[in-house]
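Comments concern the structure below.
The values are calculated or read from the model by the stated rules, or taken from the named source; none is laboratory data. Small disclaimer: the values here were computed from a predicted structure and weren't measured. So basically every Cβ, Gly included, is an ideal-geometry build from the backbone, and we count neighbours across all protein chains shown.
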Amino acid sequence: MKIIFLGTGHGSATPTHISSVTYLETGGKSYLVDCADGADAEMLRHGLDPAELSAIFITHMHMDHNGGLPVVMKRLMKHGEENASPVPVMLSEPDTAEVIEKWLVINGFPKVHGRFVYPDPEKEFDDGTVKVNSFHTKHLAASGRPSFGYSIESEGKRLFFSGDLKFGDCADFPLEPAMGADLMICELTHFRMPAVMPFLEKLEVGRLVFNHLGNWSQVPEEQARIRETCAHLPYPVELAFDGMELSL
């Protein structure tokens, strides 16, 4: 399984980080987890073809996680095979599909209907290459809306995305669901290190990568402190950057 962190920033792009876009390549297929503004262009810059995506998984309906979705969907229609099977787009709120499709129609793509399917995030997704299970986070709990993290299994490996967590106290950190993952990708915008350390000290994973970095965690001095704080943990800890690649 190959992983490319195309966008590793938070809600507002910075000169060095666009927002959340993670590319997965496994079993001859390719996938995106989240699809922020610029996803289409970043894929092309890395020699990746957005028109060949097999599925897209959106953790929640904030624009820094889905703002680039209409553009990627447009490319799938414009440059993908006309008779290809519908591409699954897992939306945290399936009723938003109608809004996205209307936006594409307004922008000149009337054949959008039937080109995409919207799996239920409450049910396992299995296309024969990846198995994806979701779990709830409390990131949008104050507004009564759903948000998710994802566990993705393929080629005998398990990749775990925390998704965005509750502001401040990290109380919804997915300790039990993440246990045993070969790699956990954990956001680092909505809490500070003192809040998450009690969970990280109990966590059992092969490797941890902090992603979705806030302004505070993009500062080199702060990144050095994060590495120092995590140095005693029994697994390697890294901070993602735009363009970072790794393999499982």
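For the subset of segment 101-137 comprising residues that are buried (at least 17 other Cβ atoms within 10 Å of the Cβ) and of a type in the set (D, E, K, R), which member is farthest from MET61 (Cα to Cα)?
Per the criteria, the residue is ARG115.
Which of the residues that make up segment 226-248 are of a type in the set (D, E, K, R) and either in contact (Cβ under 8 Å) with a residue 24 or more places away in the chain or assigned to a strand (DSSP E or B) (or both)?
Result: GLU238, ASP242, GLU245.
Only residues that are crowded, with 16+ Cβ neighbours inside 10 Å, outside any loop (DSSP other than H, G, I, E, B) and either more than 20 Å from the chain's Cα centre (by Cα) or aromatic (Phe, Trp, Tyr) (or both): list them for segment 202-221, please.
PHE210
Please determine, by comparing only the residues of segment 17-50 that are of a type in the set (Gly, Ala, Ser) and buried (at least 18 other Cβ atoms within 10 Å of the Cβ), which one is farthest from VAL71 (Cα to Cα). Walk me through it before giving the result.
As a first pass, look at segment 17-50 and keep what is of a type in the set (Gly, Ala, Ser): 19-20, 27-28, 30, 36, 38-39, 41, 47.
Applying the additional criterion that residues be buried (at least 18 other Cβ atoms within 10 Å of the Cβ) yields 19-20, 30, 36, 38-39.
Numbers: SER19: 15, SER20: 15, SER30: 17, ALA36: 10, GLY38: 9, ALA39: 8 Å.
Within segment 17-50, the match that is farthest from VAL71 (Cα to Cα) is SER30.
Out of (1) under 21 Å from the mean Cα position of the chain (by Cα); (2) modelled with pLDDT of 95 or more; (3) among the polar types (S, T, N, Q), what's the single condition that is false for THR229?
Failed condition: (1).
For LEU104, work out the one condition from (1) under 23 Å from ASP127 (Cα atoms); (2) touching a helix residue (DSSP H, G or I) at 6+ places or on another chain (Cβ under 8 Å); (3) hydrophobic (A, V, I, L, M, F, W, C) it doesn't fulfil.
Of (1) under 23 Å from ASP127 (Cα atoms); (2) touching a helix residue (DSSP H, G or I) at 6+ places or on another chain (Cβ under 8 Å); (3) hydrophobic (A, V, I, L, M, F, W, C), only one is false for LEU104: (1).
From the set of residues in segment 170-201 that are of a type in the set (D, E, K, R) and closer than 25 Å to ILE18 by Cα, which is surrounded by the fewest Cβ atoms within 10 Å (Cβ to Cβ)?
In this case the residue turns out to be ARG192.
Name the residues in segment 147-158 that are part of a loop (DSSP other than H, G, I, E, B) and crowded, with 19+ Cβ neighbours inside 10 Å, would you?
Taking segment 147-158 and keeping what is part of a loop (DSSP other than H, G, I, E, B), we get 147, 155-156.
Passing the criteria: only SER147.
Which is farther than 27 Å from SER143 by Cα, under 17 Å from the mean Cα position of the chain (by Cα) and either of a type in the set (Lys, Arg) or surrounded by 12 or more Cβ atoms within 10 Å (Cβ to Cβ) (or both), of VAL89, VAL72?
The unique qualifying residue is VAL72.
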